[in-house]
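Note sheet for the following structure.
The values are calculated or read from the model by the stated rules, or taken from the named source; none is laboratory data. None of the values given here were measured: they were computed from a predicted structure. Here the Cβ is made from the backbone with ideal geometry for all residues, glycine too, and neighbour counts use every protein chain on show. Please note that ligands, DNA and RNA were not included when accessible areas were found on the heavy atoms of the full protein model with its side chains. Shrake-Rupley method; radii C 1.70, N 1.55, O 1.52, S 1.80 Å.
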Amino acid sequence: MAAPDIDSPEEQARYQRGLEVLTTIDGGGAPAVMESLGDIAPALAHHIVAFGFGDIYARPALVPQQRQLITLGILAAMGGCEPELEVHIRTSLNVGLTPEQIVETFIHTLGYAGFPRAINAIGVAKKVFAEEGLLPVSE
């Protein structure tokens, strides 16, 4: 089976729908991620936007805050996703989550993913919060 033509009208429509969603929620990191893929894997950049945001994120059953809480929990539990976690912490702030809610999400992952992953996620949050002038965070 041939790979989809990312320049087809259908794929471009999916991409545009995803770009609209991404633009409304992005905390500033997504364009850099897409640009970093442009010279090596433009199809990957396309599918991140078209599938990830145009098909999945645009589904109406969850609001952006709920989707971001889920994303933060998954990335923290997976471990090794710190660059993506940084982007999604910024996006979470952009869609209205508070630093306290983000920290609580990572504390909640402790029982399911363990101390190392929760600590790593908190470390990424601390970096982002420091850059955004959001420290200290009260519990």
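Rg and Dmax of the range 16-79, using alpha carbons, in Å: what are they?
Both quantities, over Cα of the range 16-79: 12.2, 35 Å.
Have a look at the range 54-120 and give its Rg and Dmax from the Cα atoms, expressed in angstrom.
Cα radius of gyration and Dmax of the range 54-120 are 11.7, 34 Å respectively.
Got a number for carbon plus sulfur as a percent of the range 1-80's accessible area, 1.4 Å probe?
So the carbon and sulfur contribution to the accessible surface is 65 percent.
Quick one: compute the contact order of the chain, relative version, from alpha carbon pairs under 8 angstrom and 6+ residues apart, as a percent.
23 percent
Which order, highest average first, do 90-96, 115-121 follow once you tally other Cβ atoms within 10 Å for each residue and take the mean per peptide?
Put in order of decreasing packing, that is 90-96, 115-121.
Rounding to the nearest 10 and keeping the result within 0 to 90°, find how far the Cα-based axis of helix 115-131 lies from the longest principal axis of the chain.
The answer is roughly 80 degrees.
Summing -39500 (n - 2.57) over the DSSP H runs of n ≥ 4 in the chain and dividing by its residue number, what mean residue ellipticity at 222 nm do you reach, to the nearest 500 deg cm²/dmol?
Calculated mean residue ellipticity at 222 nm is -20500 deg cm²/dmol.
Give the ranking of H88, H108 by solvent-accessible surface, highest area first, calculated with a 1.4 Å probe.
H108, H88
For a bin width of 5 Å, list the pair-distance distribution of the chain built from all Cα-Cα distances, rounded to whole %.
2, 10, 18, 21, 18, 14, 9, 5, 2, 1, 0
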